[in-house]
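Scroll down for the structure; my scribbles are underneath it.
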Amino acid sequence: MILYHGSYTQIKNPKILFQEKGRDFGFGFYTTSIKEQAERWAVRVARLYSKQTEKEEIAIVNIYEFDEKLARNLKIKTFANPDLDWLDFVVRCRSDLDFKHGFDIVSGKIADDKVGETVEYVLAGIMRKEDAVEHLKFEKINDQTCFCTDEALKTLHFKESYEVQKISWK
């Protein structure tokens, strides 16, 4: 299976990134099966990095082959739909930076800007989880796969990368 990762640099050897903010499936290396989604993410990340460095940056999409045979013995969690289990998992990962879910790979829907807003309503206690899940049934939600352990990263093989566009910091 081919997976994509948007960035401001070529990444031949992916690493798990630990940040100050929780992510949908915890800390890890995030990919998608949707090329256009990776391109949008690459532009977004390159724009942010360009402003920080005050230099021109290049939005780059990295392409990987996921070796499912190597993943056979790994703990994998797949969320087919944005249901209550998915929402509970995302809320826990986003709100508790110390939460360790124990999976090597997690895949499912992405809580992008529109979906993320709904998740934030749940976190703030503004919306019940059941109402949020019902609301999300009507959203077009992209996918993501998070590689959460070094063992999981061994299943990804870098194929190539390509430039999406140059980003000016001005």
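Quick look at the numbers
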| quantity | calculated |
| --- | --- |
| Formal net charge of residues neighbouring Ile60 (Cβ-Cβ distance under 12 Å; K, R +1; D, E -1) | -2 |
| With DNA, RNA and ligands ignored, accessible area of His157 (1.4 Å probe; Å², nearest 10) | 80 Å² |
| Projected label distance in nm at Leu48 and Glu120, using a 7 Å step from Cα toward the beta-carbon | 1.3 nm |
| Accessible solvent surface per residue of the chain, calculated while the other protein chains remain in place, 1.4 angstrom probe, Å² | 59 Å² |
| In Hz, Karplus ³J(HN,Hα) per residue of the stretch 26-33 (6.51, -1.76, 1.60; θ = phi - 60°; x = Gly, Pro) | x, 6, x, 10, 9, 9, 9, 8 |
| Mean projected area (nm²) of the alpha-carbon convex hull when the stretch 39-139 is viewed from all directions | 8.7 nm² |
| Interatomic Cα distance distribution for the stretch 1-86, bins of 5 angstrom, percent | 3, 13, 16, 24, 22, 13, 6, 3, 1 |
| Contact order normalised by residue count of the stretch 1-83, Cα under 8 Å, 6+ apart, percent | 43 percent |
| Segments 26-32, 60-66, 13-19 sorted - mean Cβ within 10 Å per residue, highest first | 26-32, 60-66, 13-19 |
| Net dipole in debye of the stretch 51-101 [+1 Lys, Arg Cβ; -1 Asp, Glu Cβ; about Cα centre; nearest 20] | 200 debye |
| Contact order normalised by residue count of the chain, Cα under 8 Å, 6+ apart, percent | 37 percent |
| Debye, to nearest 20: dipole size of the chain, +1 on Lys, Arg Cβ, -1 on Asp, Glu Cβ | 360 debye |
| Apportionment of accessible area to carbon and sulfur, the chain, percent (1.4 Å) | 48 percent |
| Projected area, mean over directions - the chain, Cα convex hull, nm² | 10.1 nm² |
| For Thr155, residues with placed amide H under 5 Å, excluding near neighbours | none |
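The values are calculated or read from the model by the stated rules, or taken from the named source; none is laboratory data. None of the values given here were measured: they were computed from a predicted structure. Counting neighbours? That spans all protein chains shown, and the Cβs are built from the backbone with ideal geometry, glycine included. We work out accessible area using only protein heavy atoms, side chains counted, and drop any ligands, DNA or RNA first. Shrake-Rupley method; radii C 1.70, N 1.55, O 1.52, S 1.80 Å.
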